[in-house]
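Working notes for the structure below.
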Amino acid sequence: MNDNSTIIRLATAKDVPDLANLMNILGYPTTVAEMQQRFELLQSNPDYLTWVAVCNNEVAGMIGLVRNIYFEKNGLYIRVGALVVNNAFRKMGLGKALLQKATDWAIECGITQIYLTSGNREERIDAHAFYKHLGFEPRSTGFVKTLQP
């Protein structure tokens, strides 16, 4: 990220339409109204942070972070709840810069581990390689059960 017109900053309510767009790019259909509701809830909890990467006054990417308590041992960890960079801005170091914000927050909180999950889909192979390149290790298999209302 060597462009002086790129900044990483905390997301604000004005970013909600861009955040909705980024969720769609990530593969999670989201309306602006849905993102507004989510963002308000996220902003109300100090254990959640949302950072955006802004290039030339355009929101180009985001990372959503959660500070969690371990059940299995003492301490806290940071979980990356969402990480996405708009296709037009990839390969510019934005993902790395956003993950650095996760690292910075972890260090600030005295936390020594960051977790992230990424779907086991063909289109995520490049993302998996990127995470490994940055020192993340694949360690577990996740399971999801969808409940019917």
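Read-outs: derived from the displayed coordinates by stated rules, not from any lab. Predicted model only: the values in this text are computed from it and were never measured. As a convention, Cβ positions derive from the backbone with ideal geometry for all residues, glycine included, and neighbour counts pool all protein chains shown.
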**Study point:** Amide H contacts of Ala60 (H built 1.01 Å from N, under 5 Å, at least 5 apart or other chain)
**Key:** Ala53, Val54, Cys55
Revision key, fill the gap. Checked against the positive end of the charge dipole of the chain (+1 on Cβ of Lys and Arg, -1 on Cβ of Asp and Glu, about the Cα centre), the farthest of Ile107, Leu19, Gln36 is Ile107
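For the pairs Lys91/Lys132; Lys14/Lys145; Lys73/Lys145; Lys14/Lys132, note any where the Cα-Cα span goes beyond 27 Å. Can you show the working numbers first?
Values: Lys91/Lys132 16 Å; Lys14/Lys145 34 Å; Lys73/Lys145 25 Å; Lys14/Lys132 33 Å.
Beyond 27 Å between Cα atoms: Lys14/Lys145; Lys14/Lys132.
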Study note, to complete from the structure: Shape descriptors of the range 1-56 over alpha-carbon atoms, Rg and Dmax in angstrom, are 12.1, 34
**Study point:** DSSP-assigned coil residues among chymotrypsin sites (Phe, Trp or Tyr not before Pro) in the range 50-130, each with at most 11 further Cβ atoms within 10 Å
**Key:** Tyr70, Phe71
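Given charges of +1 on the Cβ of Lys and Arg and -1 on the Cβ of Asp and Glu, with all other atoms neutral, how large is the dipole of the chain about its Cα centre, in debye to the nearest 20? Provide the component values of the computation, followed by the final result.
Numbers: 15 positive and 14 negative charges, 63 e Å.
Charge dipole of the chain: 300 debye, to the nearest 20.
For the range 1-91, state which GluC sites (Glu not before Pro) are in a DSSP loop and have at most 10 other beta carbons lying within 10 Å of their beta carbon.
Working: sites: Glu34, Glu40, Glu58, Glu72; in loops: Glu72.
Here the sparse-neighbourhood loop sites are Glu72.
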**Study point:** Calculated diffusion of the range 6-133, Stokes-Einstein form, Kirkwood radius summed over Cα pairs, 10 °C and 1.306 mPa s, µm²/s
**Key:** 105 µm²/s
